[in-house]
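What follows draws every value from the coordinates through simple rules; no lab data is involved. Bear in mind that the values here come from a model prediction, so they are computed numbers and not experimental data. Don't worry about glycine lacking a Cβ; one is built from the backbone with ideal geometry, like all the others, and counts go over all protein chains shown.
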Amino acid sequence: MTERIYNFSAGPATLPLPVLEKAQSELLSFNGIGMSVMEISHRSTHFDEVIERAKAGIRKHLNVPDNYQILFLQGGATLQFSMIPLNFLGKNETADYIVTGAWGKKAIKEAKREGNAVAIYNSEESGFKSVPSDDELTFSENANYIHYTSNETIEGVEFKRDLDGSGIPVICDMSSNILSRPMDVEKYALIYAGAQKNIGPSGVTLVIIRDDLLEKVPENQHTLLDYHAIANKGSMLNTPNTWGIYIIDLVCQWLDEQGGVSAMYEKNKDKAKILYDAIDSSDGFYRGHAEKDARSIMNVTFNLPNEELEKQFATKASSEGLDGLKGHRSVGGIRASIYNAFPKEGVEALIDFMDDFAQKNG
Ligand SMILES: Cc1ncc(COP(=O)(O)O)c(C=O)c1O
């Protein structure tokens, strides 16, 4: 087998090796049935077991109460930017958006097409480096919901808490930090996440939605944009991404073996700490992008003294088996995405590389 490298990609991102190996071993004949999971009906009992196990896995790992539905949709997290206002924001109604990065900015843009979407916090002018404290947030009295992005993947800016909406339904884009730490699902009315970072491959969007919100879906909604209709059909209103859901099931089983989300959180904090320590102890050669109390433990973003060095850094790292470190094209710099499946040895290899690079170029 070709040797695997350390893949720091922000998403689609590295998957756990045992998951890939299991999928490989079952590729030609799933469960001994002589067909792959991609070749069987989504209505077959074999697939039914897969999707039910995947839902149960998510429910267990995130501690999702019974009054929430777990849905597997398509269209990415991006479709949720539209689907949420299409369902829960009428023309003359208000929703509060907390904009801490590029994804939150995209989300509010779509919401504005539907109703009065208000940015009650927007850190764009200061370069998307911070998250607000509770004191900095004043919610609109009549807000239908509050929307925020728990981890901004591009800037590497993360909320360290589950936001308290003071009774207003909270909706959260958790695409890039779901399953990375224990969280209180009951604080949310709706959680969504593209799968391609911590949950599985691209092409599936996880939505966790509270029953009372389902009741607010307007009548006459387009069927495939109707959370209620999708929930009623167990995410099988049309053909779901069967392969993606199968991998999600395997990732949940792998998480079991890792000791679940609490154990994952300890590992994630440790990986992030050694990397941020390396940045902070580089005498200013490396500069972290986010403010310290908003630093993401999933996407570590930093800069070098100039763009030319950043380019050289990413290219040289890639040639040494440390791939995907170039920052997002919109902000530049370096970004190391170290999701659940990313091994600590890879972070250590990056730190060694950083020390060496700084010595030679500092
Ligand atoms: C926080 C966040 N929200 C939304 C998206 C968009 O997701 P998708 O490509 O699944 O539409 C991403 C993609 O990386 C993301 O990181």
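Of all residues in segment 260-275, those satisfying the criterion of being under 13 Å from ILE351 (Cβ atoms) and surrounded by 19 or more Cβ atoms within 10 Å (Cβ to Cβ) are LYS271, ALA272, LEU275.
Residues in segment 153-204 that are outside any loop (DSSP other than H, G, I, E, B) and either away from the ligand (no atom under 11 Å from the Cβ) or over 8 Å from the mean Cα position of the chain (by Cα) (or both): VAL157, GLU158, VAL170, ILE171, CYS172, VAL185, GLU186, LYS187, LEU190, ILE191, TYR192.
Looking across segment 272-302, the residues that are among the polar types (S, T, N, Q) and either in contact with a Leu (Cβ under 9 Å, 6 or more places away or on another chain) or touching a residue at least 60 places away in the same chain (Cβ under 8 Å) (or both) come down to SER282, SER296, ASN299, THR301.
Which of the residues spanning segment 67-115 are more than 11 Å from the ligand (Cβ to nearest atom) and among the aliphatic types (A, V, I, L, M)? The answer is ILE70, LEU71, MET83, ILE84, LEU86, LEU89, ALA95, ILE98, VAL99, ILE108, ALA111.
Of all residues assigned to segment 271-278, none qualifies as being out of contact with any helix residue (DSSP H, G or I) (no Cβ under 9 Å at 6 or more places or on another chain) and not in a helix (DSSP H, G or I). All conditions in (1) touching a helix residue (DSSP H, G or I) at 6+ places or on another chain (Cβ under 7 Å); (2) in a loop (DSSP other than H, G, I, E, B) hold for SER126, with the sole exception of (1). Scanning segment 205-259 for residues being buried (at least 21 other Cβ atoms within 10 Å of the Cβ), among the hydroxyl-bearing types (Ser, Thr, Tyr) and assigned to a loop (DSSP other than H, G, I, E, B) gives a total of 1.
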